[in-house]
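Report on the following structure.
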Amino acid sequence: MSDHIHPVSAQLGTMSLFRRGKQIEARQRFMQAEAKTKPLPIDDKVDMSSEVTHDDRILWMAYKKAKALLCMEASDTTTKRP
């Protein structure tokens, strides 16, 4: 079993929790999974080294999607002031 299976499923779970209205739980799971995530490359367009696996890329895509979803929610709440 790959070391990246758990962090990927955690990020997918993050998105699921968020969409079910459990934002606090989603943020907690995101932060836990983020701590286990291999650092993203500085530039996405740079040719990746042979040390980067397909699992790494899948994890990074799930991470980016979850982060964007959580950040989008945070910016929505700051702009919806009465």
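Brief remarks on what is shown
- Test set (1) farther than 17 Å from C71 by Cα; (2) among the hydroxyl-bearing types (S, T, Y); (3) modelled with pLDDT of 85 or more; (4) touching a helix residue (DSSP H, G or I) at 6+ places or on another chain (Cβ under 7 Å) - S2 fails condition number: (3)
- For A66, the conditions (1) crowded, with 16+ Cβ neighbours inside 10 Å; (2) at pLDDT below 80; (3) not basic (K, R) all hold with the exception of (2).
- Residue in the stretch 40-58 that is surrounded by 13 or more Cβ atoms within 10 Å (Cβ to Cβ), modelled with pLDDT under 80 and within 14 Å of A10 (Cβ to Cβ) present: no
The values are calculated or read from the model by the stated rules, or taken from the named source; none is laboratory data. Predicted model, so just to flag it, every value in this text is computed and none were measured. Cβ atoms come from the backbone with ideal geometry, glycine included; neighbour counts cover every protein chain shown.
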